[in-house]
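> Before I ask anything, let me first share the structure, which is written out below as structure tokens.
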Amino acid sequence: MFRILFLLGIMISGIGVAVQKLDLKIQVETDKDLWLSAHNAERALYPVEPLKWDYELEETAMHWAKELTKNCKPLRHSPYRGDIGENLAGSSGRVHPVTTPVEWWVKEKKWFNYEKNECNAPSGRSCGHWRQIVSKRSIYVGCAKAVCSGSGNKTFYVCQYKPHGNMNVGTTKPY
């Protein structure tokens, strides 16, 4: 009887772990759909193709987001990107939905003058995140978020794009 109860306990425990893994997988897939739809909603306003999700980019974005959580490091771009573009955002206090950093980046378009191909952002701001989102050059995206439980529960949001879309910013228009 004890042996049966012990085995039953192990099975129930195993089911609990499987359910947790399933919940995590569902959350990751839901986040993927949200990241992608937020990007493609903005891209739909311009003559560019929708982005496609890239799991390898998602993995490298997650690796970098987790790296930033070590000691709650300040935002900085990953060092080995090659032809990969990258948008970063951070927030303290609460974890925002994954669509929120995309909304922050999209707000930069108000400073972009398409005809002159120039950004008239205030000091300390840019149009680069928005340019990356709508770049006709970029085909794939992968994003991730990670929470640093240290000072203020800082959340890091990382999206990577292939190929990157901010080449020759002064001479090449985003779309």
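> Working only within segment 43-67, note down all residues that are more than 14 Å from the chain's Cα centre (by Cα) and crowded, with 18+ Cβ neighbours inside 10 Å.
Residues satisfying the conditions are 43, 48.
> Do we find that residue 100 is modelled with pLDDT of 95 or more, within 29 Å of residue 30 (Cβ to Cβ) and under 17 Å from the mean Cα position of the chain (by Cα) in this structure?
yes
> Can you name every residue in segment 95-148 that is acidic (Asp, Glu), in contact (Cβ under 8 Å) with a residue 40 or more places away in the chain and under 16 Å from residue 161 (Cβ atoms)?
none
> Next up: Show the residue pairs meeting these rules: Cβ distance below 8 Å; 6+ apart or different chains; first residue within segment 30-54 and more than 20 Å from residue 100 (Cβ to Cβ); second residue among the polar types (S, T, N, Q) and part of a helix (DSSP H, G or I).
Partner pairs satisfying both residue conditions: 50/40.
> Just one of the numbered conditions (1) more than 17 Å from residue 36 (Cβ to Cβ); (2) touching a helix residue (DSSP H, G or I) at 6+ places or on another chain (Cβ under 7 Å) is not true of residue 88; which one?
Only one criterion is unmet by residue 88, namely (2).
> Counting just the residues of segment 80-93 that are touching a residue at least 12 places away in the same chain (Cβ under 8 Å) and surrounded by fewer than 16 Cβ atoms within 10 Å (Cβ to Cβ), which one comes out farthest from residue 50 (Cα to Cα)?
The residue in question is 93.
> If you take the residues in segment 94-125 that are assigned to a helix (DSSP H, G or I) and open to solvent by 40 Å² or more (accessible area, probe 1.4 Å), which one is farthest from residue 34 (Cα to Cα)?
Among residues in segment 94-125 that are assigned to a helix (DSSP H, G or I) and open to solvent by 40 Å² or more (accessible area, probe 1.4 Å), the one farthest from residue 34 (Cα to Cα) is 111.
> Please determine, by comparing only the residues of segment 126-140 that are over 16 Å from residue 103 (Cα atoms) and in contact with a strand residue (DSSP E or B) (Cβ under 6 Å, 6 or more places away or on another chain), which one is surrounded by the most Cβ atoms within 10 Å (Cβ to Cβ).
So the residue we want is 138.
> Go through segment 126-138 and report how many residues are assigned to a helix (DSSP H, G or I) and within 19 Å of residue 36 (Cβ to Cβ).
Counting residues in segment 126-138 that are assigned to a helix (DSSP H, G or I) and within 19 Å of residue 36 (Cβ to Cβ) gives 6.
> Another question, if that's okay. Which of (1) modelled with pLDDT under 95; (2) assigned to a loop (DSSP other than H, G, I, E, B); (3) surrounded by fewer than 16 Cβ atoms within 10 Å (Cβ to Cβ) does residue 70 not meet, given it meets every other one?
Condition (2) is where residue 70 drops out.
The values are calculated or read from the model by the stated rules, or taken from the named source; none is laboratory data. All values derive from a computational prediction rather than experimental measurement. Please note: Cβ atoms are built from the backbone with ideal geometry, for glycine as well, and neighbour counts cover all protein chains shown. Side chains are part of the model used for accessible areas, which takes the heavy atoms of the whole protein and leaves out ligands, DNA and RNA. Shrake-Rupley method; radii C 1.70, N 1.55, O 1.52, S 1.80 Å.
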